[in-house]
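What follows is one structure encoded as structure tokens, with my remarks underneath.
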């Protein structure tokens, strides 16, 4: 028998050694990379289970109790709540007596392609439910017992051939198409025979990443490569008109409405399904439209509310949280929102008509070489430095229309279709001011609401004030003031016919003050008469049964200047509650506003016509040398202070984080706690955190997990892993705002807090408190209103509710992030008065008005309570505030947020993607931020100077304060220590290592064995020899 010779040892080694080297190198690299990106691995694949080692003296430390039995109960609670909110959010815009429908009117003709494709929210906040499909309108109506004309629906569906479902409107992948189809004459004839009730459904959707198109240009609706490319015939069929913007009806929609209103139906109802306001004058002008409703993003189950409203089972009580005008182009914001020549679309290969929108808010004197050299955006030749000028000043939304047209009712009626706060009911209410009083810092109005109609329902109380302006005050500085300002609001319970309810609305006098950024550099309280009026909306003053206008006058006898030595009461209170020394609110944005255009001018009520905002001119588009210096790459050395002393680090005092629970922010014990941190540990916890906060087990700081999305807690977390399960979500923020019900917002926070406890979440990137500045803003759905008081009160209620369950709420996006247009490179310019009285005000209110009770175990082992502000989180904005990125703007984050408002906690950046290089980690840290929101660890250019380590220490202080007062501390009592078991990925990695080293050992042993064997039996290895 012939046998092959065995391979020689030399050849064996030549094969095995390279294989072992390659596999070994791969294993070593895998170990290195996994532990280098340990945070990301934990987030993606799960952290090891936390182990709490307690001492004999440890006590029960469940600081936050679960109110429900399990997660499913929490999901059910949110589902019911969503429907309840939807019922209160739907606004009855018009009713000529045709609603509610009778019991016999159960057959409906529904016109409008979107009826079967209506979005429940904007895709940036959520996606489909893990518990099945969300409730579409068609399902809601059928469930409620309505019979829908299926033949009509089928013809409309078949008439739109390009889309089988709604066009994609998602983050940066937007198809703005508005599919619509006008049924045949035969279909109309059969519809009239089917039912005398016709419903016309119109939908608009927007999302994060792009503002709404300002023109229905043939190509304006196409973004990226994910859209359906419509033929010229289809574009014509859909009725696109370049002279119209996205929030107007298309020509096809107008034709559909005309056909329906002239088809012979007894009742025509229009339902507007949109978060962003549309131009709705057609509803008011068309007498053949008998009723109209507004229903925005309804959440998972909210569309169940619509048939209840139509049938009268629920009486509509929603009120508009924004002003609906007849022509957006006549609004003062129009010329200063987005980019009219389509720079945003040009980046995506789309050109808009310059004739339609002839503006371009781009700094034109910055060369491509400058842009490239300063790393504006890596590998993007279309990157630009852009700007937005908030030249409308204080006159945003209703503030403009109620002021500019206060003496011209006819022109007001032409301009405003539906005022701020507007909404109708199926019943009638009477409101009257019973009494008012002035005590200390508060003016309190006692208001009675009585249902004098024949149906049960809810009503909204709206109290407004008119301040003295011009010659009506002795102040020589004539500050801009709106004629009408919301002072307070409330929502009644369900009142039966004849029932009444009394409210006491207290107004802090600080709300009546103005910020003087011209002379005094602080808030001032002008002397003179302040008229308070009870109104149905921002325009209509309520009269009692005898025709008497419901109003009263408060007189401030003398001018008060709240300067450096005379802070407002809220500044003292905010800092006392945090244990800090207060700083009066004085001029703060001196550096921030350097480089503002020399032609920037705020609108003034003294001359609306002469100061009305204009399209950006050449001076606006020319970046000055002073401004260019701020656009240059950030040099970290410019913020170093040679006099700074190096803080102590790495000094073990034996303190664990739980020992700091219940201690105020400036308690001396924090110094000893912070001295324990090493520089590397501090860098690690600040430089990369995505959906949570990285922990430090050595010092007892547990890792925490955050959820995103303003509509609710979206995800489940188990062992630090965020699972892709989407929990049921509430209505969109702007739809929720139309309830005008603070109690619902408090409950929303509580329900989200309960979900967080049930599903292992510790923080929440919500609520979003930016204002509705333009109806074309892409992220309109995420924000509440054009009014700062409404936004601030809602934010405070949500934060208080969530805080009761130990959830860290991150108010966002701080600040002036009212548009999506190139938001990462956009300089937003506004005067300090405008910033403080409008765009910063919601954040200030939420921080100062919210509160929580922090349970802690004292030195005697007893459970005690510390009362503190509940807001321990802020998310900064993408944009620049003036000349400096918001996430590193020290005047914003240090001077105003921390020193004036007394904020103690975490400021986390918005997403710091690698290509967005202007979001600089060093600037963030030194400018008052705490954490880089990034999946990739950010590297600090300077990690050794005393200035850097001081900033790092301050950052860790804020992080630790927020974490120690959160629900992640549940179960950890003084004397306890935490540790983590092996993470799932670590187990896999260790198993891989063991297998490899076992294989390596076996291979080495085999090589040695063969070498010995070959020496002993060389004939078995002899070349070309046969045995």
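Some points to look at:
- Among (1) in contact with a helix residue (DSSP H, G or I) (Cβ under 9 Å, 6 or more places away or on another chain); (2) surrounded by fewer than 23 Cβ atoms within 10 Å (Cβ to Cβ); (3) at pLDDT 90 or above, the one test that residue 925 misses: (2)
- Some residue of the range 617-629 being in a loop (DSSP other than H, G, I, E, B) and in contact with a strand residue (DSSP E or B) (Cβ under 7 Å, 6 or more places away or on another chain): no
- Verdict on residue 86 being crowded, with 19+ Cβ neighbours inside 10 Å, in contact (Cβ under 8 Å) with a residue 40 or more places away in the chain and outside the structural domain of residue 295 (by TED's automatic domain parsing): yes
- From the list 769, 822, the one residue that fits, being within 27 Å of residue 888 (Cβ to Cβ) and within 13 Å of the chain's Cα centre (by Cα), is 769.
Residues checked against (1) closer than 24 Å to residue 177 by Cβ; (2) out of contact with any strand residue (DSSP E or B) (no Cβ under 6 Å at 6 or more places or on another chain); (3) in the same structural domain as residue 782 (by TED's automatic domain parsing):
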position	(1), (2), (3)
254	yes, yes, no
262	no, yes, no
266	no, yes, no
269	no, no, no
283	yes, no, no
291	no, no, no
306	no, yes, no
310	no, yes, no
322	no, yes, no
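- Residues that are closer than 21 Å to residue 899 by Cα, in contact (Cβ under 8 Å) with a residue 40 or more places away in the chain, surrounded by 14 or more Cβ atoms within 10 Å (Cβ to Cβ) and touching a helix residue (DSSP H, G or I) at 6+ places or on another chain (Cβ under 7 Å) do occur in the range 934-947, at least one of them.
- Qualifying residue in the range 240-253 (condition: more than 32 Å from the chain's Cα centre (by Cα), at pLDDT below 95 and not in a loop (DSSP other than H, G, I, E, B)): yes
- Matching residues in the range 691-714 - criterion: being within 17 Å of the chain's Cα centre (by Cα) and part of a loop (DSSP other than H, G, I, E, B): 691, 709, 710, 711, 712, 713, 714
- Filtering the range 950-964 to residues that are over 27 Å from the mean Cα position of the chain (by Cα) and either farther than 18 Å from residue 888 by Cβ or free of Cβ contacts under 8 Å to residues at least 60 places away in the same chain (or both) leaves only 951.
- Residue check, residue 516 under 26 Å from residue 592 (Cα atoms), surrounded by 18 or more Cβ atoms within 10 Å (Cβ to Cβ) and modelled with pLDDT of 95 or more: yes
- Criterion violated by residue 518 - all others in (1) assigned to a strand (DSSP E or B); (2) farther than 30 Å from residue 428 by Cα satisfied: (1)
- In the range 588-605, of all residues being surrounded by fewer than 16 Cβ atoms within 10 Å (Cβ to Cβ) and modelled with pLDDT of 95 or more, the one that is nearest to residue 469 (Cα to Cα) corresponds to 604.
- Test: residue in the range 755-767 that is within 21 Å of residue 213 (Cα to Cα) and either outside the structural domain of residue 876 (by TED's automatic domain parsing) or in a loop (DSSP other than H, G, I, E, B) (or both): no
- Scanning the range 427-453 for residues that are surrounded by fewer than 21 Cβ atoms within 10 Å (Cβ to Cβ) and touching a helix residue (DSSP H, G or I) at 6+ places or on another chain (Cβ under 9 Å) yields 438, 440, 441, 442.
- Residue in the range 531-544 that is nearest to residue 421 (Cα to Cα), counting only those that are in contact (Cβ under 8 Å) with a residue 24 or more places away in the chain and not in a loop (DSSP other than H, G, I, E, B): 535
- Put simply, of 498, 547 the only residue that is modelled with pLDDT under 95 and either closer than 15 Å to residue 443 by Cα or part of a loop (DSSP other than H, G, I, E, B) (or both) is 547.
- Test: residue 871 is crowded, with 24+ Cβ neighbours inside 10 Å, more than 26 Å from residue 637 (Cβ to Cβ) and either in the same structural domain as residue 40 (by TED's automatic domain parsing) or at pLDDT below 95 (or both): yes
- Residues of the range 286-331 classified as modelled with pLDDT of 95 or more, farther than 27 Å from residue 84 by Cβ and outside any loop (DSSP other than H, G, I, E, B), total: 1
- Condition check for residue 343 on (1) at pLDDT 95 or above; (2) in contact with a strand residue (DSSP E or B) (Cβ under 7 Å, 6 or more places away or on another chain); (3) within 30 Å of residue 620 (Cα to Cα): one failure, at (1).
The values are calculated or read from the model by the stated rules, or taken from the named source; none is laboratory data. Since this is a predicted model, take the numbers as computed values, not measurements. Cβ sites come from the backbone with ideal geometry, for glycine too, and all protein chains shown count toward neighbours.
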